[in-house]
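First up is the structure itself, then whatever we jot down about it.
Since every read-out is calculated from the coordinates, none of them should be taken as a lab result. Model, not experiment: these values are computed from the prediction. Quick reminder, even Gly has a Cβ in these numbers, built from the backbone with ideal geometry, and neighbours come from all protein chains shown.
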Amino acid sequence: MPTLRLSYFDGPGRAEPIRIALRISGIPFEDHRLKFPEFAQLRASGAFPLGSVPVLEVDGLRIAQTASILRYVARIGNTTLYPTDPLAALLVDSALDSLNDTLSGAMLPSLFERDPQKKLAMRAELAAGPMARVFGYLESLLEHSGGPFVAGATMSIADLVLAAQVLQIRSGTLDGLSGENLAPYPRVSAVAEAYLADPRVVALGKK
Ligand SMILES: N[C@@H](CCC(=O)N[C@@H](CS)C(=O)NCC(=O)O)C(=O)O
């Protein structure tokens, strides 16, 4: 097994599904959690290939991009977290890109907005626009697969990302968003329960 070091901020964000995938696969790794000054200093020194995190060092080789890292972890962990069936893998990849690219990209500006009223207005636009499109799309994928997960009965890396997103929205930590925003998407919402009920996740003490 290669020596792995995952660098990210000291919070869940994009890294949490990678940490979970590593833990439920039983793969040892260094969980390098950065405060912003250290991030800024490391970025200025060129430590992050694209200037962003997460970055996974694999025997010292620095690799960027959350979805690629997730697929790699699923493969070396020899788990069913990434399907071998091409159509199931397509569903997982499409869900991952919709969450990591479309939804996260649309959410980013509101995370940095300091004016509370502007932030709420941005969140309302997010909920009515990109979030509705992404969750509406994932709802249709879940209906097609029969659930409870994106590709059917087996939990994948896309479900780790989706569950983290649903739980973050429900937690109320994103001003202007709450569980009410998930009411139109019952299958999307139910992915969080299926994730929390997975014995490997239960063993990690996740709530
Ligand atoms: N496409 C990349 C995006 C990574 C990304 O935007 N990371 C954010 C943190 S969630 C970051 O490093 N932001 C700091 C910056 O770009 O200055 C991925 O999926 O990993």
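Here is how the numbers come out for the structure above:
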item	result
Point-charge dipole on Cβ atoms (K/R +1, D/E -1) for the range 4-76, about Cα centre, debye to 20	180 debye
For residue 63, distant residues with modelled amide H under 5 Å away	56, 57, 58
Unit charges on C-beta of K, R, D, E only; dipole of the range 86-197, Debye	220 debye
Whole-Hz couplings from phi, Karplus 6.51/-1.76/1.60, listed for the range 25-42; x for Gly and Pro	8, x, 9, x, 7, 8, 8, 7, 9, 9, 7, 4, x, 5, 4, 4, 5, 5
Those aspartates and glutamates that a straight Cα-Cα span of less than 17 Å connects to residue 119, excepting residues fewer than 8 apart in one chain	175
Rounded to whole Hz, the Karplus (6.51, -1.76, 1.60) HN-Hα couplings of the range 188-198, x for glycine and proline	4, 4, 5, 4, 5, 5, 4, 4, 5, 8, 4
Around residue 176: net Lys/Arg minus Asp/Glu count, Cβ-Cβ under 15 Å	0
Rg(Cα) / (2.2 N^0.38 Å) computed for the range 4-76, rounded to two decimals	1.02
Bins of 10 Å from zero: percent of alpha-carbon pairs in the range 125-198	21, 56, 21, 1
Debye log10 I(q)/I(0) for the chain, one point scatterer per Cα, at q = 0.08, 0.14 Å⁻¹	-0.27, -0.86
Contact order normalised by residue count of the chain, Cα under 8 Å, 6+ apart, percent	19 percent
Spatial separation of Cα centroids for the range 163-207 and the range 92-132, in angstrom	17 Å
In order through the range 140-152: 3J(HN,Hα) via Karplus (6.51 cos²θ - 1.76 cosθ + 1.60), integer Hz, x for Gly, Pro	5, 5, 5, 5, 5, 6, x, x, x, 10, 4, 9, x
Mean Cα-pair separation over length for the range 24-132, i.e. relative contact order, pairs under 8 Å, 6 or more apart, %	15 percent
Check: the chain dipole with +1 on Lys, Arg Cβ and -1 on Asp, Glu Cβ, in debye	380 debye
Listed residues 81, 52, 157: farthest to the positive end of the dipole of the chain (Cβ charges)	52
